[in-house]
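K.L.:
Just passing along the structure, written as structure tokens.
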Amino acid sequence: MADPSITARSPRDGLAHHASRAVGALIITVLLLGACWAVEVANYGGDLTREYGIQPHNVHSLWHIFTAPFLHANLDHIMANSVPLAIFGFLTALRGLGRFIAVSVIVMVVSGLGVWFLAASNVVTVGASGLIFGYFGYLLARGFFERRVLDILLGVVIALVYGTMIFGVLPGQPGISWQAHLFGLIGGILAARLTRRRTAPPALPSA
């Protein structure tokens, strides 16, 4: 006997649900970009970059792994990061605020620690590129861990369109933190594993 409390969702309900998710993701993306640009305006002159960027091997700077992604070296830097941050941030945020925050924190920790341990001591690292590579890795790996066709297709499309980003994890590019990129990518893959949807146990037949 069917449970009377369970009702089928109409196509209109499903469309409204997806529209609500899209609007929520758009708001999250605007707030994220807005925070980066607000900090850029407040950082006119560069004092915040030196104070709150990641200073490798400095224990007092360790917590800056949470502030450095919102800081940028100059206007060109933040402009270069804004478009990919908006695209990947929006696609990641489609799964809701809770998961977006979880993915972002995991990426910031893994990327930031990679920079803190491996970058040169005399270099201060700032920028959202670690987050960008983290969201990129998360979107690529999510379908693999969740076995959802749409997520797999999205990962394939992203790999085809933005696959050349992977070269950003290689050392040797002046002025670019390959550590932030590489460990951001690793953090995104790890976040896809840790935040994946658990398969629900099969329902018991009802009398």
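K.L.:
Quick one: ranking His77, His57, His18, His181 by accessible area, 1.4 Å probe, largest first, what do you get?
P.N.:
His18, His57, His77, His181
K.L.:
Relative to 2.2 N^0.38 Å, what does the C-alpha radius of gyration of the chain come to as a ratio? Two decimals please.
P.N.:
1.17
K.L.:
By its C-alpha gyration tensor, with a ≥ b ≥ c as the square roots of the eigenvalues, how is region 58-102 shaped: rounded for a/c under 1.5, else prolate for a/b larger than b/c, else oblate?
P.N.:
It comes out oblate by the Cα gyration axes.
K.L.:
Helix 97-118 sits at what angle to the longest principal axis of the chain, using alpha carbons and giving 0 to 90 degrees rounded to 10?
P.N.:
30 degrees
K.L.:
On a 0 to 90 degree scale, rounded to 10, what angle separates helix 75-93 from the longest Cα axis of the chain?
P.N.:
20 degrees
K.L.:
Charges at C-beta only: +1 for Lys and Arg, -1 for Asp and Glu. How large is the resulting dipole of the chain about its Cα centre, in Debye rounded to 20?
P.N.:
760 debye
K.L.:
Using 0.36 nm times the number of residues separating Ala22 and Val83, minus their current alpha carbon distance, what extension gain do you get?
P.N.:
Between Ala22 and Val83, full extension yields an extra 20.2 nm.
K.L.:
Between helix 178-194 and the chain, what is the angle of the helix's C-alpha long axis to the longest principal axis, kept within 0 to 90° and rounded to the nearest 10?
P.N.:
Once rounded, one gets 20 degrees.
K.L.:
Among rounded, prolate and oblate, which fits region 97-190 when a ≥ b ≥ c are the square roots of the eigenvalues of its C-alpha gyration tensor, a/c under 1.5 means rounded, and a/b larger than b/c means prolate?
P.N.:
In terms of gyration-tensor shape, oblate.
K.L.:
Taking a ≥ b ≥ c as the square roots of the Cα gyration tensor eigenvalues, with a/c under 1.5 meaning rounded and otherwise prolate when a/b beats b/c, else oblate, which class fits region 41-124?
P.N.:
Oblate, since a/c reaches 1.5 and b/c is not below a/b.
The values are calculated or read from the model by the stated rules, or taken from the named source; none is laboratory data. Since the structure is predicted, the reported quantities are computational estimates derived from the model, not experimental observations. Please note: Cβ atoms are built from the backbone with ideal geometry, for glycine as well, and neighbour counts cover all protein chains shown. SASA here: full protein model, heavy atoms, side chains in, ligands and nucleic acids out. Shrake-Rupley method; radii C 1.70, N 1.55, O 1.52, S 1.80 Å.
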